[in-house]
Amino acid sequence: MERVPILKIGDILLVSIQVDMSDQTAIQLQEDLAERIVATSCHGVIIDITALDIVDSFVGRMLSTIASISKVLDAETVVVGMRPAVAITLVELGLSLNGIRTALNVERGMELIAASRADEPDEGADDEDTETTATA
Amino acid sequence: MALSAEQGGRLAHLLSQHADRLTNRWTEIVASSLRGRLSRAELARQVQELHRALVDAGRQGVSDLADEHGGELRAVLSELSTNRARQGFSATETAISVFACKDALLELMEEEKGDDTLRDFVAFSALVDQMGLFTFETFVRARESLIADQAEQLLELSTPVVKLWEGVVAVPLVGTLDSARAQVVMERLLQTLVDTGSPYAIIDITGVPAVDTQVAQHILKTVVAARLMGADCIISGIRPQIAQTIVALGIEFGDIATKASLADALRHVLRLTGVETTARRPRRES
Amino acid sequence: MTTGVDLGVPATQAIRSDEDVVRVRQLVRTTAVAVRLSLVDQTKLVTAASELARNTLIYGGGGSAEVSTVEDGRRRGVRILFADEGPGIPDLDLALTDGYTTGGGLGLGLSGARRLVDDFDIQTAVGEGTRITVTKWSR
């Protein structure tokens, strides 16, 4: 079984899914990620799905679960790079990915995480020129 | 009714024996129906080509246009009718080019009456009828593909996606939105968001005359899809009648931002991105 | 495993494991590209195939997917037949309702897949199995 690598960049964990995942691989990623969040005490997770040519309900559910788990572990998850065809298909499928924050690319995703960390009062709120990507 | 090999041979013989006279008469009949819209030389060339194909087919013993010996003849016919369709001739005008052969042939055969003449003529004319029908079918097919091509080109033309500001793109929709066009607009808008990395899109529907449930659904789906990708859409230019329709149809626009004009929508987005806009800045006039 | 698919020559992929679901997706994708479905239509079809293949595995206890290309004179398309010999679906209407699930999923498999394809046909008998045929046409 293939494993999806998790990279740590500064305060952020970056997961770039490059393979057509089997359901087992997806579940494994979910577990690996929870462990890495705790081990590294990172506060942001970016899941890059630029390379995914489909997202079905199973992967959709995995993304939602990862977002919820990381929330519990005090980390913000942003899914980035969804392809237009994938988004159109998800809408038709009826999957709304509730509770997941999204951004167009990794850069925007990092801005989003930085902005939401800056909103929290306890952190050193260096208000960089945050070009906030407003999400509903 | 099908042509026997013997009749095929006789037809070929007759056609080639009086080749010049026949093609001249044939060209003449066709020319009078086209009223000079095709040059005489061009027409003569086409008729001669048809004539040659018909002679060849007859020599090979063609009994039916659809059989193996009719291949060359079919190719000539379909080239003729495809060209005519593209040049804007009507179906009748195209078919006459083939049917005129009968008139020319009849004149010839009347002069050389023999025992089998009537039978031969009926068989020949059955073949010519087949040719005419085949021409008509090819003509229609050529026209259909022409129409499909034009519709596609129109679609391409009518859906521009423009960049308004750094991080803001807009689609000004003009004209009736049907399902196919809505889909093209949707795909192109979303692709532009990715290509330009713009997190904001404005869909301006000032130029859309009417919104029905289906169109509204397409717009809503686009907005939801854009959100999934991490971009926000604002709908602008909703005219009073359209607002009434939307409410009457019970379509929920939910929490989607709507603005009266494209300018309002842009101002709204710029405020969100933190760009300062001042409405009352005095104009610097010289 | 995936071979070039010509008109009328179906390719069959057994669905026995997780990896087989991935293989079904790849087979459907290759076929959809060969038939020249648009990118969005390819994505919709592959997504539907993924949902249905997973259903075949989880609820049908495994089975097969048969992928073929079809033509109706004007356009070409991809047809997939998912067949299993599992327990069947007792209440079809209920199973086709959004959000209904017995397997702990999101309940979008059947109903969602139906929305993603052009033709959807399902035959099921309790105790005998389920056969689902879907078709997506080029535009």
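Enter the Cα centre distance for the pair the range B:122-178 and the range B:53-99, rounded to the nearest angstrom.
Here the answer is 25 Å between Cα centres.
Give the cross-link partners of residue B:113 among the lysines, using a straight C-alpha distance below 26 Å as the criterion and excluding same-chain residues fewer than 8 apart.
Excluding near neighbours in sequence, the set is B:102.
For peptide A:38-45, compute the average count of partner chain beta-carbon atoms within 10 Å of each residue's beta-carbon. Please list the in-between numbers first.
On the way: counts 0, 0, 0, 0, 0, 0, 0, 0.
What the average comes to for A:38-45 is 0.
Which links in B:221/C:44; B:163/C:44; A:8/A:71; B:221/B:259 stretch past 22 Å when you go from one Cα to the other? Mind dumping the intermediate values first?
Values: B:221/C:44 15 Å; B:163/C:44 29 Å; A:8/A:71 18 Å; B:221/B:259 18 Å.
In this structure, B:163/C:44 lie more than 22 Å apart at Cα.
Two decimals is fine: what is log10 I(q)/I(0) at q = 0.09, 0.15, 0.16, 0.17 Å⁻¹ for chain A, from a Debye sum with one equal scatterer on every Cα and no solvent?
-0.25, -0.70, -0.80, -0.90
Quick one: putting +1 on the C-beta of Lys and Arg, -1 on the C-beta of Asp and Glu, what dipole do you get for chain B around its Cα centre, in Debye to the nearest 20? Mind dumping the intermediate values first?
Details: 30 positive and 38 negative charges, 369 e Å.
The calculation lands at about 1780 debye.
Starting from a Cα-only point model with no solvent, please compute log10 I(q)/I(0) by Debye for the range C:40-139 at q = 0.11, 0.14, 0.15, 0.24 1/Å.
The Cα Debye sum returns log10 ratios of -0.31, -0.49, -0.56, -1.32.
Per-residue counts of other Cβ atoms within 10 Å, averaged by peptide: what ranking do you get for C:73-83, A:105-115, highest first?
Working: C:73-83: 18.0, A:105-115: 20.3.
Taking the mean over residues of other Cβ atoms within 10 Å, the ranking is A:105-115, C:73-83.
Can you pull the mean other chain C-beta count within 10 Å for peptide A:73-85?
On the way: counts 0, 0, 0, 0, 0, 1, 3, 2, 3, 6, 7, 17, 13.
Taking all residues of A:73-85 together, the mean is 4.
When A:71, B:113 are ordered from fewest to most other Cβ atoms inside 10 Å of their Cβ, what list results?
On the way: A:71 12, B:113 9.
The most exposed by this proxy come first: B:113, A:71.
Averaged across A:90-101, how many Cβ atoms of other chains sit within 10 Å of each residue's Cβ atom? If you can, show how the numbers build up before the last one.
Values: counts 8, 11, 10, 12, 9, 5, 3, 3, 0, 0, 2, 1.
Neighbouring Cβ atoms belonging to other protein chains average 5 per residue here.
Averaging sequence separations of C-alpha pairs under 8 Å and six or more residues apart, then dividing by the length of the range C:11-89, give the relative contact order as a whole percent. Walk me through the numbers before you get to the answer.
Details: 121 pairs, mean separation 27.5, N = 79.
Reported as a whole number, the value is 35 percent.
Out of B:260, B:85, B:170, any idea which swings most in a Gaussian network model of chain B, alpha carbons joined below 10 Å?
Most flexible of the set in this elastic network: B:260.
Pick out the long, greasy-scoring helices in chain C: whole DSSP H runs spanning 24 Å or more along their own axis by Cα, mean Kyte-Doolittle at least -1.0.
Numbers: long enough: C:18-34 (25 Å, -0.03); C:39-58 (28 Å, 0.41).
In chain C, the long hydrophobic H runs are C:18-34, C:39-58.
Which whole-number percent is the relative contact order of chain A (Cα, under 8 Å, 6+ apart)? Numbers along the way, then the final one.
On the way: 199 pairs, mean separation 27.2, N = 136.
So the answer I get is 20 percent.
If you wrap a convex hull around the Cα atoms of the protein assembly as shown, how much volume per residue is inside, in Å³? Each step should come with its number before you reach the end.
Numbers: hull volume 134.1 nm³, N = 561.
About 239 Å³ per residue, rounded to a whole number.
Every number in this text was worked out from the coordinates using simple rules, so none of it is lab data. Owing to the predicted nature of the structure, the values given are computational and were not obtained by experimental measurement. Cβ sites come from the backbone with ideal geometry, for glycine too, and all protein chains shown count toward neighbours.
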